[in-house]
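These notes concern the structure reproduced below.
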Ligand SMILES: NC(=O)c1ccc[n+]([C@@H]2O[C@H](COP(=O)([O-])OP(=O)(O)OC[C@H]3O[C@@H](n4cnc5c(N)ncnc54)[C@H](OP(=O)(O)O)[C@@H]3O)[C@@H](O)[C@H]2O)c1
């Protein structure tokens with residue numbers, strides 16, 4: 001069981017983001033009490049929302065303080081482990097680099113976007129962030145493999161067969177879900193569904209083979225395009 005802390009009810013029905021230690025602590029206590037048990041993982045939800053406008057040293061301090069609250073929550077039995085979940089990883093990476101190897105308690109796991117829709121700059125930043133935080137592949141969780149909506153017209157235009165191992169027959173959704181474990185390599189993928197038959201498809205997709213060579217070629221192509229755009 002996993003959940004996240006970082007967003008709080010704000011004025012006018014808005015959700016405010018905060019890394020303020022007191023608010024995080026209260027959210028952790030409320031979560032464990034409401035669930036009636038300590039979650040296996042609590043993620044710090046999109047910390048970039050509160051770090052993006054700060055100088056790197058200040059952002060490092062803010063992130064380190066939040067990491068301290070989550071670490072203490074594990075020690076206090078409010079959760080079994082903690083992680084960082086990020087949609088736009090660049091500000092989190094900048095803060096982690098500014099904190100340095102001893103300035104920040106390392107999270108046990110890292111959740112980030114995964115799959116064919118993830119832009120090259122995000123793929124590069126999440127790999128760098130995982131390296132900086134020393135989170136190995138098995139402890140990386142991909143999320144939002146369909147970008148939130150398989151009804152989007154992009155799914156009607158994508159041909160994912162070249163990424164699958166020879167002879168694999170599957171739907172585009174199944175291929176996209178399986179690919180999310182490889183782009184970039186992660187140990188788990190958080191996916192949303194309200195339909196049991198979709199869940200069954202997703203479970204079956206776990207057994208599909210991927211063409212690792214073509215996945216690597218695709219990442220090389222993205223990296224070349226990214227370098228070209230940057231320079
Ligand atoms: N940190 C952030 O800012 C952020 C933002 C978004 C998501 N997330 C994380 O990512 C997780 C998943 O994200 P998400 O639910 O927004 O997006 P998603 O998993 O990319 O897409 C969910 C959509 O895919 C459809 N779907 C699932 N399986 C399918 C199948 N086999 N065939 C066809 N359609 C299928 C679902 O429709 P049905 O319901 O009809 O199956 C649903 O509309 C969330 O639980 C959350 O943890 C984080």
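Every number in this text was worked out from the coordinates using simple rules, so none of it is lab data. Predicted model, so just to flag it, every value in this text is computed and none were measured. Cβ atoms come from the backbone with ideal geometry, glycine included; neighbour counts cover every protein chain shown.
Just want the ordering: 137, 3, from fewest to most Cβ atoms lying within 10 Å of their own Cβ. Show your work: numbers first, answer last.
Details: 137 11, 3 17.
Listed from fewest to most nearby Cβ atoms, that is 137, 3.
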Practice item. With everything on Cα atoms, drop me the angle between helix 212-230 and the longest principal axis of the chain, reported from 0 to 90° to the nearest 10. Key: 60
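Give me the tail of P(r) for the chain as a percent: Cα-Cα pairs with distance above 32 Å. Intermediate values should be presented prior to the final figure.
On the way: 6424 of 26565 pairs.
Within the chain, distances greater than 32 Å cover 24 percent of Cα pairs.
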Review point. Where does each of 171, 50 land when they are ranked from fewest to most other beta-carbon atoms within 10 angstrom?
Key: 171, 50
Review point. For helix 56-75, what angle does its Cα long axis make with the longest principal axis of the chain, in degrees from 0 to 90 and rounded to 10?
Key: 80
Check your understanding: Restricting attention to the alpha-carbon atoms of the stretch 166-224, what are Rg (one decimal) and Dmax (integer), both in Å?
Key -> 12.5, 40
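Add -39500 (n - 2.57) for each DSSP H run of 4 or more in the chain, then divide by its residues: what number comes out at 222 nm, to the nearest 500 deg cm²/dmol?
Values: 9 runs with 103 residues, N = 231.
After summing the helix terms and dividing by the residues of the chain, the value is -13500 deg cm²/dmol.
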Check your understanding: Length gain on complete extension for the stretch residue 134 to residue 161, per 0.36 nm per residue less the alpha carbon to alpha carbon distance?
Key -> 6.4 nm
Practice item. Averaging over all projection directions, find the projected area of the Cα convex hull of the stretch 145-184 and quote it in nm² with one decimal place. Key: 2.8
Point to revise | Normalised convex hull volume, the stretch 98-142, alpha-carbon set, Å³ per residue | key: 66
Check your understanding: Counting DSSP beta bridges in the chain, what percent are antiparallel, to the nearest 5?
Key -> 20
**Study point:** Kirkwood Rh, Cα atoms: Rg over Rh of the stretch 1-107
**Key:** 0.96
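Which of 198, 45 comes first, and how do the rest follow, when ranked by fewest Cβ neighbours within 10 Å?
Values: 198 16, 45 19.
Ascending Cβ contact count within 10 Å gives the list 198, 45.
Could you tell me what percent of the DSSP beta bridges with both partners in the stretch 1-107 are antiparallel, to the nearest 5? If you can, show how the numbers build up before the last one.
Working: 3 of 11 bridges.
Beta bridges within the stretch 1-107, antiparallel portion: roughly 25 percent.
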